[in-house]
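Below you'll find the structure, written out as structure tokens, and then a few comments.
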Amino acid sequence: MFIKNESIKLGLITLFASSSTLVCCALPALFVLLGAGATFASIVNFFPQLIVISQYKISISIFTGIILIIAGALIKKSSLLPCPTDPHLRDTCIKTRKRSKAIYLTSVAIFLFASFFTYILPIYL
């Protein structure tokens, strides 16, 4: 049970970290790309903390990348460990591994999406 909770917590931490890159970095670029700069200006007017967060986008991206690499290594390591032989515990172990991997892959996708809109797309526009 302890491993299940830790695995879910790790997945949620990676999801939160990658979502922070989405909020700080990708959303402003996406709004401007879609021609909704005025909408983004209204959002910034309502949430002025977005400007402060955006000033640290490189640090946030590096920190998130490190967290994702560590989480990927831990998820890979845990997938190589055997599950219990008890059928109920084995099923729980397999479900937890699948959920952790799904949360991790979602986190990586969000991070790549945010990184693309933050660092790669502005070079070509």
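Given the structure, is Leu68 surrounded by 15 or more Cβ atoms within 10 Å (Cβ to Cβ), modelled with pLDDT of 85 or more and within 20 Å of Ala109 (Cβ to Cβ)? Walk me through how you get there before you give the answer.
Values: surrounded by 15 or more Cβ atoms within 10 Å (Cβ to Cβ): yes; modelled with pLDDT of 85 or more: yes; within 20 Å of Ala109 (Cβ to Cβ): yes.
Here the answer is yes, as Leu68 does meet what is asked.
From the list Val44, Val32, Val52, which residue is of a type outside the set (Ser, Thr, Tyr) and in contact with a Leu (Cβ under 6 Å, 6 or more places away or on another chain)?
Selected residue: Val44, the only one of Val44, Val32, Val52 that is of a type outside the set (Ser, Thr, Tyr) and in contact with a Leu (Cβ under 6 Å, 6 or more places away or on another chain).
So that you can scan it fast, the table gives a plain yes or no per residue for (1) of a type outside the set (Phe, Trp, Tyr); (2) more than 20 Å from the chain's Cα centre (by Cα); (3) at pLDDT 85 or above:
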| site | (1), (2), (3) |
| --- | --- |
| Thr21 | yes, no, no |
| Leu34 | yes, yes, no |
| Thr39 | yes, yes, no |
| Leu50 | yes, no, no |
| Tyr56 | no, no, no |
| Lys77 | yes, no, yes |
| Leu89 | yes, yes, yes |
| Leu112 | yes, no, yes |
| Pro122 | yes, yes, no |
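I'm checking my understanding of the structure. Among residues of the stretch 48-60 that are surrounded by 12 or more Cβ atoms within 10 Å (Cβ to Cβ) and not hydroxyl-bearing (Ser, Thr, Tyr), which one is nearest to Phe117 (Cα to Cα)?
The selected residue is Lys57.
For a quick check of your reading: which helices (runs of 4 or more DSSP H) sit entirely within the stretch 6-93 and have at least 1 residues that are basic (Lys, Arg)? Break it down into steps so the answer makes sense when it comes.
Working: elements: 27-33, 37-46, 49-54, 57-80.
The qualifying helices (runs of 4 or more DSSP H) are 57-80.
Output the residue which, of all residues in the stretch 19-40 that are of a type in the set (A, V, I, L, M, F, W, C) and surrounded by fewer than 11 Cβ atoms within 10 Å (Cβ to Cβ), is farthest from Thr106 (Cα to Cα).
This residue is Ala38.
The values are calculated or read from the model by the stated rules, or taken from the named source; none is laboratory data. What you see is a predicted model, and the numbers here were worked out from it, not measured in a lab. For neighbour counting, all protein chains shown are included, and Cβ atoms are generated from backbone atoms with ideal geometry for every residue, glycine included.
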